[in-house]
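The values are calculated or read from the model by the stated rules, or taken from the named source; none is laboratory data. Fair warning: this is a prediction, and the values are worked out from it, not measured in the lab. Reconstructed Cβ throughout: ideal geometry from the backbone, glycine too, with neighbour counts over all protein chains shown.
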């Protein structure tokens, strides 16, 4: 059951709402415009609030749904977390879109919501506060994601290893943003 759900989570994660919504509405491919990222932040830049919100909700749900199905199937919390990681990997490297996806933040938030809602709430609050203070989405993600690790270590240690791996992937996907942040060139809203 674990491997079947892991594969299904990857395939679901591979659905890029930013790309699909752009195609449906005649907007430019987000991988070719703006920041080049297939995610909600770039959709906000390219297509406006409505499509950005729809992208965000779609990306959240594709992280949440596999975790909930794994929970209903009776899998352990650690297995649920690994299945959520598979959904995020699908978002990062989508099978249907030549393995060029987004950065995984919203999908990871959906995964966290399914695993341990207080960690998701902490991440959202940290993201919102950082974004409010800096107007920089990448910095908000780079602060919010690792901030969940101590809470998980304390409350849900079974999810710590998968979430640590996921945090590493998200930081790696933001490596260009980190260079731009250190050089003072990162995009702000």
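Listing for the model above:
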read-out	value
Residues of the stretch 94-115 satisfying the condition of being more than 10 Å from the chain's Cα centre (by Cα) and in contact (Cβ under 8 Å) with a residue 60 or more places away in the chain	94, 95, 96, 97, 100, 101
Pick from the stretch 130-163, criterion surrounded by fewer than 19 Cβ atoms within 10 Å (Cβ to Cβ) and within 14 Å of the chain's Cα centre (by Cα), ranking: farthest from residue 13 (Cα to Cα)	143
Boolean, residue 51 is touching a helix residue (DSSP H, G or I) at 6+ places or on another chain (Cβ under 6 Å), without any contact (Cβ under 8 Å) to a residue 60 or more places away in the chain, under 25 Å from residue 186 (Cα atoms) and part of a helix (DSSP H, G or I)	yes
Options 4, 56; residue that is under 22 Å from residue 177 (Cα atoms) and modelled with pLDDT of 95 or more	56
Scope the stretch 1-44; condition surrounded by fewer than 21 Cβ atoms within 10 Å (Cβ to Cβ), part of a helix (DSSP H, G or I), over 18 Å from the mean Cα position of the chain (by Cα) and without any contact (Cβ under 8 Å) to a residue 60 or more places away in the chain; matching residues	3, 4, 23, 24, 25
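Yes or no, residue by residue, for (1) out of contact with any helix residue (DSSP H, G or I) (no Cβ under 7 Å at 6 or more places or on another chain); (2) assigned to a helix (DSSP H, G or I):
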site: 140; (1), (2): no, yes
site: 147; (1), (2): no, yes
site: 159; (1), (2): no, yes
site: 177; (1), (2): no, yes
site: 180; (1), (2): yes, yes
site: 186; (1), (2): no, no
